[in-house]
1. Can you tell me which residue within the range 53-72, out of those that are part of a loop (DSSP other than H, G, I, E, B) and touching a residue at least 60 places away in the same chain (Cβ under 8 Å), is surrounded by the most Cβ atoms within 10 Å (Cβ to Cβ)?
2. From LEU272, LEU176, which residue is part of a strand (DSSP E or B), aliphatic (A, V, I, L, M) and out of contact with any His (no Cβ under 9 Å at 6 or more places or on another chain)?
3. ALA291 is checked against (1) crowded, with 18+ Cβ neighbours inside 10 Å; (2) over 26 Å from LEU464 (Cβ atoms); (3) more than 25 Å from the chain's Cα centre (by Cα) and fails just one. What number does that condition carry?
4. Mind listing just one residue for me: the one in the range 565-608 that is at pLDDT below 90, part of a loop (DSSP other than H, G, I, E, B) and out of contact with any Gly (no Cβ under 9 Å at 6 or more places or on another chain) and, of those, least open to solvent (accessible area, probe 1.4 Å)?
5. Working only within the range 299-318, note down all residues that are open to solvent by 50 Å² or more (accessible area, probe 1.4 Å), closer than 22 Å to TRP250 by Cβ and of a type in the set (A, V, I, L, M, F, W, C).
6. Just to be sure, is TRP474 open to solvent by less than 40 Å² (accessible area, probe 1.4 Å) and modelled with pLDDT of 95 or more?
7. Specify which of the listed residues (THR260, THR292, THR287) is polar (S, T, N, Q) and not in a loop (DSSP other than H, G, I, E, B).
8. Which condition breaks for GLY439 when tested against (1) open to solvent by 40 Å² or more (accessible area, probe 1.4 Å); (2) within 24 Å of VAL618 (Cβ to Cβ); (3) in a strand (DSSP E or B)?
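The values are calculated or read from the model by the stated rules, or taken from the named source; none is laboratory data. Since the model is a prediction, treat every value here as computed from it, not as a measurement. Here the Cβ is made from the backbone with ideal geometry for all residues, glycine too, and neighbour counts use every protein chain on show. To get the accessible areas, we keep the full protein, side chains included, count just its heavy atoms, and leave off ligands, DNA and RNA. Shrake-Rupley method; radii C 1.70, N 1.55, O 1.52, S 1.80 Å.
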Amino acid sequence: MKHSARLFRSFALAAALAVRIAHAGEPADRIFASGFLSALVIEGSANYPVPLAHAHVEAHFGDTVATATTAADGSYRVGLETDQIDPRTIVEVFARGSGAQTKVVWASPLGPASRLLSLAGSSLRVGFEQEPFVHLSPRSTVAAAAARAFNDWQPITDETTFWRAVRSRQNVTDHLVFALALVARSELALPEGSTDTFDAVSSLSKSQNLFAAYYSLNTVNMCNWPATWAFCDVYRNLPRDPRMFPPVAWVPDELYSQVTPFRSLVREVFALRPSATGATVLPSNGTAVPATVTVLSDGGYELAPAEGSDFFSEEEWVRGADGFAVRSIRHVTRLYVKLTRGPGGQVEFGWSGDVRRTYPDEPNTPEDYIPYDPTVMPRLSASSALPGKLASNVPTLNGHRWALTSPIFRQQDASVDLGPHGYEVHAFGDTSGHAERSGQAFTFALVSPTAFTLDTNGRHAEFLLVNEEEPGVWQMRMHVTADGYENVVTGLLVPADAGLMTPAGVVGTWRSRIYGDVCSGPYGDLGSCDQDLHFQFQPDGTATRLNGSAESGAGSWSLTEGDDAGRLLFDLQVELGPGYIDGQRRGWELVHETAGHRWVLETFNYDDAHIGLPPPVVFNPTMRLIRYDRE
């Protein structure tokens, strides 16, 4: 790191912006920016939970650092002469408290300098209106730490990595936002070994310590009742802070759906399409529900069904007053939606639904009602346009085989289902191709560098690439429509470029975190994760699951022949008790392989009767595309 040969100094109360030029070993001269030097100015604030007065502010333009001091109200102005800015550098801003506030250090990932220069325009000024992340807070600080976490916990130095990182922020980091807020409020002590709020999230081990301390406070599941407890106060009010979560208006006809980084299982998700007069809600069950819209005072939206009383309803079994399970119907009748900006100006949105619970078999049981929660934390929306640097990495479909979600329904296997859609390997030609497992033909067309359509078997699918989470592996959204059917599905796009599996390639120990959105990525070990799939294959054809005594099992493995040649089959049986056996059968098709890990389409069948006789594996489309790492 080096300090600028001409450090930019700003004084919040000065009528004109002054630039201090200080060469090493030379006295400083003050020069006004009016006409003599051109400087990019960043204007923001650091005032959570109270103004961070007289804090030392640093704007890191790569290795060059410009400094300033916050005013009594926590506001700051800091910048750098434009002739010293490399547009490719990544900009981070820090405010370091002093005196009694030494433990408070807020940070923010402002991203490529080229983007800031574009936002500033001819004024050369970037304020809250142009970039809300100039407001330094617990939210911006965790966003800065999460971006570094994606880059092996190091500062990011290139645009492509920055965009990949901020589009991969995991949902579990919301807990760290609440934790830092509690620390700043002196209601949670900094864990031992951490010197300040940014340092507390600067590595996985320190983040784990902070999470553990925070989790020990969070001993209740809900904070919907009046309470003065610190955690509930932060939980209820921080997401409503317009400085951290400034509302933005939605765009008519845009399709909004949340992104879940590192998830590889196919999943149908909630989506929303506003219009000039209302909205259409896609509640992930294949239906499209028209809605009326009311704009709320906090900038959010309340939605109600335009017809009928429910957006959707579903059957659930809950524990009754006598301790036994009773059937209930969960009705969602109102929705709350709020949009905001995330790092890099990307659109994020959160939603919540109220719940009316009825008990059709228990006429004497009163209905329950829980209102929607306006304190929802936002997630990246797949509607947010893919930045140029990422768009330039989009792969070519034509002439290649790809594993991706299929618009047609898969044949249901015996596994726990998350929905009707699954993965297939699709062989792409110039404008048409075929799905290898189902045998269905399809046509496709490129809509933009980051989107394409695919038509098959009476179904139309619009695919949107969302993020490249690792080289060649893309998060993607599928919007599928057919006669009387509309749904939004998330999944991956992975090159199907691996060869057939061989005995030598099978033998060894392989491990996966199946629920990657919780258990993978840089924060996969933030809390406890017991969703490992851990298998060992021996040369003699025996197979073992290595998940501890409670979930371990033994069986055998073999490679398939004939039409399915080169695929792996293995059986496992776990004795859970006398006469109570958990039988599993799995099938792997190797899709993509790089040094040390492989992506496989996994078919998983288990024995409902628990007598050790699961149904045989059939290589139909499957909801599971899983990365296994060699140990």
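1. Going residue by residue through the range 53-72, those that are part of a loop (DSSP other than H, G, I, E, B) are 53-55, 62-63, 70-72.
Next, from what is left, pick out any that are touching a residue at least 60 places away in the same chain (Cβ under 8 Å): 62-63.
Details: GLY62: 17, ASP63: 13.
For the range 53-72, the residue satisfying everything is GLY62.
2. Within the list LEU272, LEU176, the selection yields LEU272.
3. Result: ALA291 passes all but (2).
4. The selected residue is GLY596.
5. The one that is open to solvent by 50 Å² or more (accessible area, probe 1.4 Å), closer than 22 Å to TRP250 by Cβ and of a type in the set (A, V, I, L, M, F, W, C): ALA306.
6. On the way: open to solvent by less than 40 Å² (accessible area, probe 1.4 Å): yes; modelled with pLDDT of 95 or more: yes.
The answer is yes for TRP474.
7. Working: THR260 fails: not in a loop (DSSP other than H, G, I, E, B); THR287 fails: not in a loop (DSSP other than H, G, I, E, B).
So the residue among THR260, THR292, THR287 that is polar (S, T, N, Q) and not in a loop (DSSP other than H, G, I, E, B) is THR292.
8. GLY439 satisfies every listed condition except (3).
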